[in-house]
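**Q** Here it is: the structure, laid out below.
We did not get these values from a lab; they are worked out from the coordinates using the rules stated. It should be emphasised that the depicted structure is a prediction, and the values quoted were computed from it without experimental measurement. Please note: Cβ atoms are built from the backbone with ideal geometry, for glycine as well, and neighbour counts cover all protein chains shown.
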Amino acid sequence: KLLDGSGSDGAVSLASSALVAKRLPVALVVDANTNHQSTIREREDLLNYLLRQGPPGIPFEVFLAVPEIEIMFARLTDAKGLRFLQDRSFIEKLTHRNFTNLEWELAQFQPKEFLSSVLGEGFSPENMLNELTDGTIDVLQKHSLIRELSEFLASVIQVKGKVQTSEVLETSEV
């Protein structure tokens, strides 16, 4: 189930409620709103601390989009941690214009501001998702945030499947 917390505070509140009240696994994805590494670590530690207050045994993980979730449309990180530009043809196609190298640099460091300025006030990641091509999806799947989120979700689904199987076996023995 995908929930929109309408901002960082709302997302943390929803995540806590899902853990405590519904006992659901949680993947909390929020903007870091910074590139400063020590601030990012502090924010991640705080969010992990808040979610650890929930019941033990319910899996959760915190994912910080650095600096913002829109970065997925601007850059990727390879296996060695080196950053390189995504094929910018997707955003150029979406906006019907070509960008200078300077504009593309801005896209890397202030992705939300960049996308809002070139796509207008009506910009939303959801609108962009509707325009994705198979090639763009392949590129996005290589982004470290998407890879890590996918790995966490796969592990939760795998564990949930094992729990359901054991519940069925226990039920059938009765």
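**Q** Could you calculate the contour length gain from SER116 to LEU149, that is, 0.36 nm times the residue separation minus the distance between their Cα atoms, to one decimal place in nm?
**A** Values: separation 33, 0.36 × 33 = 11.88 nm, distance 2.50 nm.
Result for the pair: 9.4 nm of gain on full extension.
**Q** Now a separate question. In whole Hz, with x marking every Gly and Pro, tabulate ³J(HN,Hα) for the stretch 14-25 from phi via Karplus 6.51 cos²θ - 1.76 cosθ + 1.60, θ = phi - 60°.
**A** Each residue of the stretch 14-25 in turn: 4, 4, 4, 4, 5, 5, 7, 7, 9, 6, 9, x Hz.
**Q** Then there is this: How many nm separate the modelled label positions at SER17 and ASN101, each set 7 Å beyond the Cα in the direction of the Cβ?
**A** 4.9
**Q** Please list, by residue number, everything in the stretch 1-39 whose backbone N is under 17 Å from a paramagnetic label point 7 Å out along Cα→Cβ of TYR49.
**A** 9, 12-13, 16, 38-39
**Q** Which ³J(HN,Hα) values in Hz, rounded to whole numbers, follow from the phi angles of the stretch 88-94 under the Karplus curve 6.51 cos²θ - 1.76 cosθ + 1.60, where θ = phi - 60° and Gly and Pro get x?
**A** Couplings: 6, 4, 4, 6, 5, 5, 4 Hz.
**Q** If packing is taken as the average number of other Cβ atoms within 10 Å across a peptide's residues, how do 33-45, 107-119 rank, most packed first? Could you put the intermediate results ahead of the total?
**A** On the way: 33-45: 13.3, 107-119: 17.8.
Listed from highest to lowest mean packing, they are 107-119, 33-45.
**Q** Quote to one decimal, in nm, the extra length available between GLU92 and ILE40 on full extension: 0.36 nm per residue of separation minus the C-alpha distance between them. Intermediate values should be presented prior to the final figure.
**A** Values: separation 52, 0.36 × 52 = 18.72 nm, distance 3.02 nm.
Here the segment from GLU92 to ILE40 would lengthen by 15.7 nm.
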